[in-house]
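Every number here is computed from the coordinates shown, using simple stated rules; none is lab data. Keep in mind it's a predicted model, so treat the numbers as computed, not measured. Counting neighbours? That spans all protein chains shown, and the Cβs are built from the backbone with ideal geometry, glycine included.
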Amino acid sequence: MVAPGALRVVRCGGSALGGARAVFSADSKQVGYLLFASGDFVKVYSVSTEETLLLMGGHAGLVTGIQLNPHNHMQLYSSSLDGTIKLWDFMDGIPIKTFTVGSKLLALYAVASAEDSVFVVIPKKGERDTFQLVSVKLTKGAGQDLEGKELSVVLDGVGASMKHIAFGREGAYVVSVKDVNLQVYFFKQKLLNRFSLNTMKTKGGDNRFSCVMCHPTEDCIATGHADGKIRLWRNFHHRKEYTYSTLHWHHDIVMDLAFSLEGTRLLSGGVESVLVQWHNESSCQKDFLPRLGSPIEYISMSSDGSLCCTLHEDNRITIINSNLRFSRSIQGLIKSKDVKTGLVVDPRTKALVLNGEPGHLQFYSTQTDQQLFSLDIVQRQHVHQAGLKQLDLVKVAFGAQGTWLATVEESEEVTDPELQLKLWFYNEETQSFKLNTRVNTPHDSHITDMCFRDVDELGEDSLILVTTGRDCVFKVWVMVEDTDPEAQQSVSWSCDFVGSYHNYQATNCCFSEDGSLLAVSFEGTVTVWDSLTWDLKCTFCHPPGNIRNICFGRLTCSKYLVGATDYGFLCCWNLLTCALEWSAHLNVVVLQPDPLSEHIAAVSWLSKKSSLFVFKPSEPRPIYIQRNLCKEKILLAAFVPRDEPEVISSEKHLWLRKSQPFFLTDTQELMTLSTKSLEERLTPSSKQLAVEESLPVTPFSVLLGKHRRQQAQEDTDLGKPLVHSKQEQASPAVRELLHTPAHVLPSASFLCTIFINSLLISKENKSAEEVADEVEMESEKAEDDSDEEDVTAMEQEDTSHMEFLGEMTCKLSKSQEKELRKIRKMDYSWIAAF
Amino acid sequence: GRVLCLSWHPSGTHIVAGSIDFFRVIDVTSGQTVQRIMVNHHVEKAKRECVVWAITFLSSGTVVSADSFGRVQFWDWEQGTLAESHTVSTSAMLSLAVSEKEDSIIVGTSTGATYQLQLLPVKQGGQEKRWVRTKPFQFHSHDVRAVAHSPTALISGGLDAQLVIRPLMEKMQKKGYDAVLRKFTFPHRRLVSCARKARLLLFQFSQYLELWRLGSTEETGKDGEVLSLCRMPEHLVQLKSKGPEHIYCSCVSPCGTWVGYSTASRFHLYRVRCDGDSVSLRKVPKVPKLLPPAYQLQFSADSDSLFVASARGSVHVFQLLEPGGCKHLHTLRPPSGCSEAVYLLAPSADGHWLAAVSGDWAIHIYNLKCFKHHCVVPTYNCAVSALAIHPSTNNLVIAYSDQQLLEFSIPEKQYTSWSRAVQSRGLHRAWLERDSPITHITFNPKNPSHILLHDTYLLCVLDKSLPLPDDSTLLMNQSTLKQLPEMARKRQLHAFKICKKFQPLLFMDLLDENCLVVVERPIMDFKTQLPLPVQQKKFGT
C-alpha cells in the first residue's frame, strides 16, 4: 500500500511486448488464456472474451521469458532482468515462489524432461556481450523466497535473445545459433556438434541466423536467416554428414518460426507482416496470411495446436486460427517508429491521439487501454522495407471541439521534403473524419508547429489555423466559402496571412485562451501578434538559447506567457506589463498546460531521470514536485479531462482533480499519476472472474455461497441501506453472468433460481416452506425486475454513490413494497414472541 | 502405352517401365506385367497427363518415380501403394539417379535445377527412416536430361551443353581435385582433325562432318598483327551421317584424301578428291565390317594405313589402297588381354611405332614393322588424356588427367631423364591445379626440344631445354617477361610458355614450321542456338 498523500506513478499502457514469446495456457477447456510479458508485468488475457483478466506484477525489471510449468499447467515460470525466476499461479495471479538467481536473466526455457530445473540465459561473468545457457536447479523448500544458485553451464557463447535457443523433441537436445554458427548439444550423449555457414554475403545472401526452432517429434531443426531463408537441418548427429534443405519466401530477415503440434506445418513471419505456413517442409506448398499490419516479432503456438498468435513490432497481438484465419487482435497503444505528432487529446472522445501504424493516426482510450480507431491519414500503401523514404504523419491538431482535424505529413527526406497539410471535418453521420482540404507544400520547409484558435464564444467562423515552418514564416489559414457550385462541400481552407520576424525560423505557436493573441516563437524570440489585425504587438526574449516550448496561462493566469528555452530556463512573462515576471533554471523537456485549470506541468530531464513540476504561472513556486518520475526520458505529456472531477483528499493533489496527466516515454510507455493504490485500480470484476474460473465449481455456486453468507450477516433492518447493499451484491453477479462466455453457462432453468435468490431480500427468520412458496409465486415478477435492475446497475457503474442511491429507491418501489408488506405481516408475530 | 524409362531390379528379376500416367512392373522370366500402378490416381480432376520421365527400382522393392508434375514418389510395387510423395518442384522431373548405397537420390528438372533427396533417420537411434529433400542445386539453364550419382559426387548433364560434377563435401576426406565443383562444356576428346600437308580441317559434329580448306597468307608480321589473306578459307564438303546415330569419332588422313568416321554401329571410309575447285567424295566400298565399330581412328603419317581402335584392347590395321579401297592387314592385341576398349592412338612419324591407350589406362606400344607388341608403359593411376610420339626421338609424351606429364623413350623402354627430372622436381602448383586436361600434344619439327600442348583454356609450349619453374615463380610469366630487359628476361625464363589468348580452345596443330592452326569455339555460338529456358518468376507466388 502506498502511504496516503503520495502519488503513485502508474504505467498504464504501451509497454513493450517484445520481451518474450506469448504462451497459451494448456487447459483442456475451450476457454484459454493467453499470457504474455508486457514490460515488467505478465498479462493474462482471455482468448474468448478478448479481455485482460490479470496483471501479474512483481518483477523489478523487464520480463524476458515466460513458460508454463511443464509439470503443472496451471503454473507459470517467468524470468526477468532483475535476476529472479518467479513461479505464478496464473489463475489467481499470485506468486507462489521466487527464485533469486543473481545475474540478469535474458531468456527462460522450461523442459518437461528436466525434473526440477529450468534453463536460463545469463551473461558470462567477466566478459562483455558473451552469454551462456545455464540450468538452474529450483530447490524445493518451504517459503516463498528461495535461492536458485545451483547453476550448471550447458552451452557457452549463445545469443542473448530467446529466439536463438530451442529445445528439441522431448528435451533430448538443445540448439543455439549465433551469427553464422549453430551448435547442438545432446544431453544424453553429452555430445556437442558445431556447424557453421559461410560468412560471405554472396548473391545478396546473408547467412546469419535470426531464430531457431525444433521439430516437436523428429530430429529436425528449423533456422531463420537474415536474408529471409529458412533452413531445415537434419542428420545433425553427424559432424560431417549433416544436411539441410532451404525454404525461401521472405525477402527480409525471418523474425520467428513455429512448428505445429505434429510438426507437419511450419509457420514463419518477418518484416513483410505476412505469416507463411509451409506444409511438409516443402517449398511448393505454402499458405499465406497477409496484411497483418506490422512486422511480426514472435510466433507462438497453443499446446493443442488450435490457435497461434503473433506478436508484432508495434505491440499488437494477433490470434490466428489453425486454418490460418485471422481470429482476433489485442491492441493497446500501438507503438510507432517515432511519435512525431505529439500527444494530443481528442476533445470528442477524450482519447489520446498520436502516430499509430505507419501513416495512421491512432485514437487510444486511456480508460480501457484499447485503441478506439485508427485513421488513415497518408492513404498510401506502406511497404515494410528498410531504407525506403515514405510519407509519415508529423503534426496533428484538433479544432472546434474536435470537429476539425488538421494533419501534416512529410516524407522522411531531410532536404526538400514532400509536405502536405490536410484538414478533416468530422462527419456526424459516418462518425468519422472526412478529408476537406488538402494543401500541397504549405511551407517550403518542415513544419515545426501547428495550432487552432479555438474559442467557443466567437463561433465557428473564428476558427483559425496557424502553422509555423522552418522557412522562417508562420501562416494563418482560414475557412472560406466555396464559390464553386459544383463543389461537394461548402467550405474549404486557404491561406490568409503570412508573417515573419527578422527571417528567423518559426518554431512554436500558441493562442491565448480568449483567442485574441497569438504567440509565435522565432528561435530565441517570442513574438505576440494581434489575431484580428495581425499586428506585431510585442516581443519577448530571454537569451541565451532558443525557445523550446511556449504556452499561455489559463483562467486566472491568462495574462501570463510561459516559455522554456534550450539553455534550461523556464520564463514567465506578464503580457500586461510586457516584462519578465519570473524565471527559473530548469531543463524543461515538456511544457504542458492543463486545459481545464491554470496549472502547467513541466517535465525536466536531468541526470538520467525525469522529474515533474506542476506550477501556476502566477507563482514562481511549484505546487507539486515529483522527482524521479521514471528512469526513461519523457518525451510527451498530455492532460486528459476527467469525465467527473475526482474526489481528492489531499490538498497537494488538487491539480489532479479535473484532468489526469499522461506521459509518454522514449520507449513509448504511457504513464500516469494516480492517488489510488494498485488494488483499487484493478477492476474487481475481472479479478473475481479469474478466481472463480479457476475453481472446479461453477461461478454460480460460488456466487450462491457468498450470497448466503451475506444473508446470514445481515440484520433485520430493511431500510434503504439494505436495499443499496443488495444492489451492490447483485451487480457483480449480473456482470459475472454477462462476462462468462455463453458456452460455459449452465442451463437457464438452473440459472433462474439462483438469479432470483440473489435478487430477493433476506428472510432470516422465515420458515423454509414459506420462502419456497413465495419464490415461486414471485418468480415472474422478480425476473422482470431483475432485468430492469441489470440495466441500471450497468449504467450506474461509474456514477457517484449519492446518485446511485437516489435513483435505486424510486426504481425498486414496486417489488420493495411487496416485500415490505410481506415482512411487516411476519414481523408482528415475531416481535410479539419477545 | 509408350515406355519412357525403365529400370532393372538390382537382382535382375523384374523391370519397371514408366509410361504416361502409369508405370508397369514386368517379370523378367515370364515377360508378363505383374503390377500396373497409376501415378496420378489421387490427383483429383487431373486434366493434364502425368508423364513418368524417370524411374528407378531399389533393391528393397521400392519403385521411385519422377514425373512431370514435379513429384518424386516412392511406391511399394508389390502392394501397389504409395509410400511417400515429395512435390520437389513445380516443374517436371526429367531424370533420376540413386546412389549405390540407396540412401541418396538426385533428380533433375526441366528448369535446370537438380535436387538431392536423402534417406535420413527420423529420430536419432530410431529405426524409422524417411526420404527428405535436402539440397537444391541450380547449375543448368535448361533441362537436366541426365543425372548420375557417384559415391562422392552428383553429376548432371543438361540441354545447355554442360556437364556438372558437384562433389558431396560430407563424403570428401580431404580437399583436393575431387572436392571442387567442375563444369565441362566440351568433351575431353579430339573433335577436329587436321590434314597437315593438304591444309584441311575436319570438324566433327554430332550428326555430320565438315571439311574445310584453310586460307593462307604470304605476308609476315609482328606479334598481335592480323595478316590479310590471299586465299580465303573454303568450306569444301559437308558429310551427313545417315540415321539417328551420333558420330563417335572421325579422322582425316595427313594427305587429305581419306576421311573416316564411325557411329555407334558402323564405320565409314570415304575417298576425297580435290580437282581444282570441285570436290568429290566417294564412299570406299567393301569396308571390312567391324564389330563393335571404332572408338578412335588414326591414319598413319604417310597415309598408307589406318588404325582403328576397338574393343578388348585391340587395334585393327587397315591398308589403304589406291584408287579407293582398303584391306584388313592385322589386329594388334595386348599380350595379356584386356577387357577395356582402346580410346587413344598415337602412331610415330616414321611409321615404326603405335601407342594405344585402353580404358584400363594401360599404354601398349606396338612395333608396326613386325606387328608385334613392343612394351607397356608403366601404369599410372590416372586416365591418359593425350599422348604423342616425337617424330625424331621416338619419345612418347603422355599427359594424364591429373596434369602430370611424362616422357617415355620407346626404343629404350624407359622414362627419359627429362621425365625423371620432372618427376623428382614436381610440376608447378598452378599447372597441377588447372581445371581441364591436356587434349592434344604435338611437336615442333624445327626444334626437337619443343612440345606443344593445349587444353580448353590454354596453349603451352614446353621447352625441355629450359629449367622447370618452381612454386615461387610465376607460371604464366609471358606478359611480365615482355617488359623485362634482355638480361633479366633470360634469368626469368622457364620451360612453360603459356598463351591464354584463345578460349575455349578446341584444337591446335602445327601445320609447318611457321604456321599454327588454332580452332576456337565461342560458347555464345551455341548458347544462342539453345531453345529458350523455362521462364520462372523470381518474386511473387
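Only counting other Cβ atoms within 10 Å, I'd like A:Phe236, B:Phe526 sorted with the fewest neighbours first. Don't skip to the answer; put the middle values down first.
Working: A:Phe236 23, B:Phe526 12.
With the fewest neighbours first, A:Phe236, B:Phe526 line up as B:Phe526, A:Phe236.
Can you find, among A:Ala60, A:Leu106, A:Val42, the residue farthest towards the positive end of the dipole of region A:17-160? Put +1 on the C-beta of Lys and Arg, -1 on that of Asp and Glu.
A:Leu106
Within the P(r) computed for region B:264-404, what percentage of the Cα pairs occupies the region above 25 Å? Before the final figure, lay out each step's value.
On the way: 2936 of 9870 pairs.
Summing the P(r) tail past 25 Å for region B:264-404 gives 30 percent.
Taking a label point 7 Å from the Cα of B:Lys501 along the Cα→Cβ vector, which residues of region B:443-464 have an amide N closer than 14 Å to it?
B:458-461
What FRET efficiency comes out for A:Arg128 versus B:Gln32 if R0 is 60 angstrom and r is the Cβ-Cβ distance? Round to the nearest 0.05. Walk me through the numbers on the way to the answer.
Numbers: r = 76 Å, r/R0 = 1.27.
According to the calculation, E is roughly 0.20.
With only Lys, Arg, Asp and Glu charged, each at its Cβ (+1 for the first two, -1 for the last two), find how big the charge dipole of the protein assembly as shown is about the Cα centre; round to the nearest 20 debye.
Working: 142 positive and 154 negative charges, 1857 e Å.
So the dipole magnitude of the protein assembly as shown works out to roughly 8920 debye.
Say R0 is 60 Å: what FRET efficiency, to the nearest 0.05, do B:His188 and A:Lys631 get from their beta-carbon distance? Before the final figure, lay out the partial values.
Details: r = 73 Å, r/R0 = 1.22.
About 0.25, to the nearest 0.05.
Report the full-extension gain for the segment A:Ser113 to A:His238: residue separation times 0.36 nm, less the Cα-Cα distance, to one decimal in nm.
On the way: separation 125, 0.36 × 125 = 45.00 nm, distance 2.36 nm.
In short, 42.6 nm is gained.
Rounded to the nearest 0.05, what FRET efficiency is calculated for A:Thr667 and A:Gln379 with R0 set to 25 Å and r the Cβ-Cβ distance?
On the way: r = 29 Å, r/R0 = 1.17.
So the FRET efficiency works out to roughly 0.30.
Would you be so kind as to identify which of A:Val647, A:Asn628, A:Phe615 lies farthest towards the positive end of the dipole of region A:607-652, taking Lys and Arg as +1 and Asp and Glu as -1 on Cβ and the Cα centre as origin?
Value computed over the given set: A:Asn628.
Return the tail of the calculated pair distribution for chain B, meaning the percent of Cα-Cα pairs more than 34 Å apart.
Numbers: 73653 of 146070 pairs.
Here the long-distance tail beyond 34 Å is 50 percent of all Cα pairs in chain B.
Quick check for me: using +1 on Lys/Arg Cβ and -1 on Asp/Glu Cβ, what's the dipole size of region A:17-160 about its Cα centre, in debye to the nearest 20? If you can, show how the numbers build up before the last one.
On the way: 12 positive and 15 negative charges, 49 e Å.
Rounded to the nearest 20 debye, it is 240 debye.
Please sort by residue number the GluC sites (Glu not before Pro) in region B:193-240 whose DSSP state is loop and whose Cβ has at most 13 other Cβ atoms within 10 Å. Walk me through the intermediate numbers first.
Numbers: sites: B:Glu210, B:Glu218, B:Glu219, B:Glu225, B:Glu234; in loops: B:Glu218, B:Glu219, B:Glu225.
Hits after loop and neighbour filter: B:Glu218, B:Glu219, B:Glu225.
Which entries in the list A:Lys125/A:Lys608; B:Lys47/B:Lys129; B:Lys135/B:Lys171; A:Lys395/A:Lys434 go over 23 Å, if you measure between the two C-alpha atoms of each? Provide the component values of the computation, followed by the final result.
Numbers: A:Lys125/A:Lys608 26 Å; B:Lys47/B:Lys129 34 Å; B:Lys135/B:Lys171 15 Å; A:Lys395/A:Lys434 17 Å.
Flagged as over cut-off: A:Lys125/A:Lys608; B:Lys47/B:Lys129.
Roughly what would the spin-label model give for A:Ala748 and A:Glu418, points 7 Å off Cα along C-beta, in nm?
5.9
For chain B, build the charge dipole from Cβ charges (+1 Lys, Arg; -1 Asp, Glu) around the Cα centre, then report which of B:Cys194, B:Trp361, B:Gly125 sits farthest towards its positive end.
Value: B:Gly125.
Describe numerically, in nm with one decimal, the distance between label points set 7 Å from Cα along Cα→Cβ at A:Glu147 and at B:Asn447.
8.8
Under the Karplus relation 6.51 cos²θ - 1.76 cosθ + 1.60, θ = phi - 60°, what is the ordered set of whole-Hz ³J(HN,Hα) values for region A:167-180, x standing for Gly and Pro?
So the J values, rounded to whole Hz, are 9, x, 3, 6, x, 6, 8, 10, 10, 9, 10, 7, 6, 10.
For the pair A:Asp514/B:Arg312, report the inter-label distance in nm, with labels modelled 7 Å from Cα in the Cβ direction.
According to this spin-label approximation, the distance is 12.6 nm.
For peptide B:116-123, what's the mean number of Cβ atoms from other chains within 10 Å of each residue's Cβ?
On the way: counts 2, 1, 5, 1, 8, 5, 7, 10.
Partner-chain Cβ atoms within 10 Å, mean over residues of B:116-123: 5.
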